[in-house]
Amino acid sequence: MRPIAHWALVAALSLSAGTTCPSARARADGLVVRDTAGVAHRLSMADLAALPVVRITVPPGKDHTAPRGFEGPLLWSVLSRAGVVGGPPRDLAARAILLEGADRYRAALAMGEVAPDFEGKQVILAQRMDGADLGPAHLRIVVPGDRRGARGVHDLTGISIVVLSPDAAQ
Ligand SMILES: Nc1nc2c(c(=O)[nH]1)N[C@H]1C(S)=C(S)[C@@H](COP(=O)(O)O)O[C@H]1N2
Ligand SMILES: [Mo]
């Protein structure tokens, strides 16, 4: 029995190595979060899956007619996990969160909208919509309270924290 068991073990290990070895595509999954210095912090799908899930229902608005249910971590949890929101609350007051989709579509939130010490709005990074997984390439931002869908960036690939300054206007 022993040689057969050994052979089976080797076969099982080779199979599992073949199926779990991360492909380039798997490594590209997730999100890049840039801090105010432009340093990139990558969050994998596993990092996102470890964050507490919030469920929200968005009523019909100007851009869609039916209510929709979304599930995912709070954007604030994502930013905290990436380590880009440290420091005293007053330092957050002039910061923006720039959201970017795979098609380079962009939308901005003020940090004060989502920071718990300020408005603490339940903006989420949705991974499920109406009970179905969106998939790693179709993460989307949901901004409760917005009547238009334009800040609900879908196919989200990047988030940048920007310090706003009139001097930086180009
Ligand atoms: N990446 C990306 N996200 C985007 C857009 C876009 O063009 N690209 N359009 C926005 C606009 S204007 C709207 S109304 C909603 C539409 O998405 P929905 O049809 O799923 O509500 O997506 C928003 N998010
Ligand atoms: Mo829109």
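Structure notes:
- For Thr36, Thr57, Thr157, order by how many other beta-carbon atoms lie within 10 Å, fewest first: Thr57, Thr36, Thr157
- Between Gln122 and Arg106, the modelled labels are 3.0 nm apart [label points 7 Å from Cα along Cα→Cβ].
Read the figures in this text as sums done on the coordinates, not as results from a lab. Remember, it's a predicted structure, so these values are computed and weren't measured experimentally. Cβ coordinates were reconstructed from backbone atoms using ideal geometry, including for glycine residues, and neighbour counts include every protein chain displayed.
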